[in-house]
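The values are calculated or read from the model by the stated rules, or taken from the named source; none is laboratory data. Please read all numbers here as calculations on a predicted model, not as lab measurements. All Cβ positions, glycine included, derive from the backbone under ideal geometry; neighbour counts span all protein chains shown. Please note that ligands, DNA and RNA were not included when accessible areas were found on the heavy atoms of the full protein model with its side chains. Shrake-Rupley method; radii C 1.70, N 1.55, O 1.52, S 1.80 Å.
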Amino acid sequence: MTKQRDTLVAWLNDAYAMERNLHQSLQQQIARAEDYPAIKAQLQAHLAQTRDHENIVQECLESLGERASTTKGLTGAAAGFASAMMNSLADDSIVKNLLTNYSMEHLEIASYRSLIEAANLLGEQQVATACTAILKQEQDMAAWIERELPHIIRTHLAQPV
Ligand SMILES: [Fe+2]
């Protein structure tokens, strides 16, 4: 059981790192979204949720007698993709940032699904319930991006060069 519990703790720490990275990224994007009030408002709303997610994941770790690790960065393929997009100074950055956010939300969705499965298997009902609530908000954010992306792309392409 110890190894399984360690895995749950490691995955919670991965989720914590993802939320902290997204927190920073959203702050940067909000600062650059002055010309796009609807996007800015949605990013601000998701930033507030992301801060909550950080705290909730931290509480999950504490409920297991652990402390959140702040040493981890983004993991996997999304890391390079995200940082390349974030550093882009191209004028299509509003579109590329949303593409990155879309991929990040799906990484979060997959992570929380895994956490819910593991927590249920280990009888950690509090963790499973917390992650289920977070999962719903990540799905809502991904759905918002999916819904808005065609409009944003059309608006971007209609702009004079
Ligand atoms: Fe989140």
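Of all accessible surface on the chain at a 1.4 Å probe, what whole percent is carbon and sulfur?
53
Beyond 13 Å, how much of the Cα-Cα pair distribution for the range 110-161 remains, as a whole percent? Could the numbers behind the result be given before it?
Numbers: 862 of 1326 pairs.
Value for the range 110-161 (Cα pairs over 13 Å): 65 percent.
Calculate, in nm to one decimal, what residue 5 and residue 63 gain on full extension: separation in residues at 0.36 nm each, minus their alpha carbon distance.
Additional length available on full extension: 19.7 nm.
How many nm is it between the label spots at residue 149 and residue 126, if each spot is 7 Å from the Cα in line with the beta carbon?
Computed distance between label sites residue 149 and residue 126 equals 3.8 nm.
What residue among 22, 43, 149 has the largest mean-square fluctuation in a Gaussian network model of the chain, using Cα springs under 10 Å?
149
If you plug each phi of the range 16-21 into the Karplus form 6.51 cos²θ - 1.76 cosθ + 1.60 with θ = phi - 60°, what whole-Hz ³J(HN,Hα) values come out, in order, with x for Gly and Pro?
Rounded to whole hertz, the list is 4, 5, 4, 5, 5, 5.
Given the convex hull of the Cα atoms of the chain, what is a quarter of its surface area in nm²?
Taking a quarter of the hull surface, the average projection is 9.4 nm².
Determine ³J(HN,Hα), in whole Hz, for all residues of the range 100-117 in sequence, where each value follows from phi through the Karplus function 6.51 cos²θ - 1.76 cosθ + 1.60 and θ = phi - 60°; x replaces Gly and Pro.
5, 4, 4, 5, 5, 4, 6, 5, 5, 4, 4, 5, 5, 4, 5, 5, 4, 4
Along each of its three principal axes, how wide is the spread of alpha-carbon positions in the range 6-70, in whole angstrom units, largest first?
45, 14, 13
Please list, in chain and number order, the residues 5+ apart from residue 36 or on another chain whose amide H is under 5 Å from its amide H, with Hs placed from the backbone.
Hits under the 5 Å cutoff: none.
Hey, what did the chain get for relative contact order, percent, Cα under 8 Å, at least 6 apart?
26
Pick from 50, 129, 71: which is most flexible by mean-square fluctuation in a GNM of the chain where alpha carbon atoms under 10 Å apart are linked?
Between 50, 129, 71, it is 71 that shows the largest mean-square fluctuation.
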